[in-house]
Amino acid sequence: MRDSNKGLLFGILAVTAFGLTLPATKSIVAYLHPVFIGLGRALFAAVFAALILIMLRPRLPNRTQLCQLALVAIGIVFGFPVLTAWAMLTVPASHGGVVLGILPMASTLAGVWFSRERPSTAFYMLSLIGAGLVIWFSLHDESGGFVIADLLLLAAIVLAGLGYGLGGHLAKSLGGWQVICWALVISAPLLIYPSYYYWPENLASLPNSAWLSFIYLSLVSQLFGFFLWYQAMALGGIARISQLQLLQPFVTLGASALLLSEVIEPSTFAFAVAVLACVALSKRMPIHQT
């Protein structure tokens, strides 16, 4: 199989895995503190990442790579998990799925920055239209207008875009699995205290469904999903693979309806289609090398 086809396959699998993240988070915010959900899952994943690195013994990253890995960790180990968990306290997972519809744009812009590419004016215009649609949706959604959760989700998008774009760039030299493993391991010392501080008192009384959701967030959303995602970017290119995130909101909407019994209004689906149309069109706009 050609590398580009492998990249597309890995990317589709990763996007499907990531699309279940918000519904899984929404299902446990009633039992666990958002900080514990975000950082506790990362600490749990870091244990497995450390074991993988010990067993495979890859070469240590150099100083520049370590600095870049720290930025990746800020985006996808600290920022995105905690911010989305806070947001799920007050808005449905389906709402978050629509807002996260502009994540492909953030990923592409980050990839463009690190890959030294120059997007066209049309690309930026479509990006602004897509962002405007998301803001319009937030203002007119049944949640009662633009709420703090929307600000949290927008901040999560910026940080995730940084982590995705820079991580995809690093994967070309380190390999996809090493990027997320090293990012988790170097973050681990900073994860221990907040995870301990927000450790739930009712841990033993959690229902099995909550345990399954937390394990999914730890091992799939935070670890193995990134194995596939970063390797996909290394094989297929950041800009091309980031287009696959167009599928993610629909995975989230479907999972929200099936797993959480959320009612998906026609307007929600329509906004998702409109946002993703902007993103899809932006991908067709020229991006020049500098």
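Observations, loosely collected:
- Counting all C-alpha pairs of the chain, share separated by more than 34 Å (%): 16 percent
- For a paramagnetic label modelled on residue 270 (point 7 Å from Cα along Cα→Cβ), amide N atoms under 19 Å away belong, within region 66-102, to 94-99, 101.
- Working from label points 7 Å from Cα in the Cα-to-Cβ sense, the residue 48 to residue 2 distance is 3.3 nm.
- 3J(HN,Hα) couplings calculated from phi for region 19-29 with the Karplus curve 6.51 cos²θ - 1.76 cosθ + 1.60 (θ = phi - 60°) are, in sequence order, x, 8, 5, 5, x, 5, 5, 4, 6, 10, 5 Hz; Gly and Pro show x.
- For region 3-289, averaging the sequence separation of C-alpha pairs within contact (under 8 Å, six or more residues apart) and dividing by the residue count gives a relative contact order of 40 percent.
- Taking θ as phi - 60° and the Karplus parameters 6.51, -1.76 and 1.60, the scalar couplings of region 68-79 work out to 5, 5, 5, 5, 4, 5, 4, x, 10, 9, 9, x Hz in sequence order, x denoting glycine and proline.
- Of the trypsin sites (Lys or Arg not before Pro) in region 1-34, those whose Cβ has at most 15 other Cβ within 10 Å and which sit in DSSP loop: 2
- Stretchable slack from residue 208 to residue 30, in nm (0.36 nm times residue separation minus alpha-carbon distance): 62.7 nm
- Applying 0.36 nm per residue to the separation of residue 284 and residue 9 and subtracting their alpha-carbon distance, the gain on full extension is 96.9 nm.
- Region 1-91: proportion of alpha-carbon pairs further apart than 18 angstrom, %: 61 percent
- Looking at region 39-93, the trypsin sites (Lys or Arg not before Pro) that sit in a DSSP loop and have at most 11 other Cβ atoms within 10 Å of their own Cβ are 59.
- Here the spin labels are modelled as points 7 Å beyond Cα on the Cα-Cβ line, and at residue 190 and residue 67 they lie 1.6 nm apart.
- Cα gyration tensor shape of region 190-290, rounded if a/c is under 1.5, else prolate or oblate by comparing a/b with b/c: oblate
Every number in this text was worked out from the coordinates using simple rules, so none of it is lab data. It should be emphasised that the depicted structure is a prediction, and the values quoted were computed from it without experimental measurement. Using ideal geometry, Cβ is built from the backbone for each residue, glycine included, and neighbour counts are taken over all protein chains shown.
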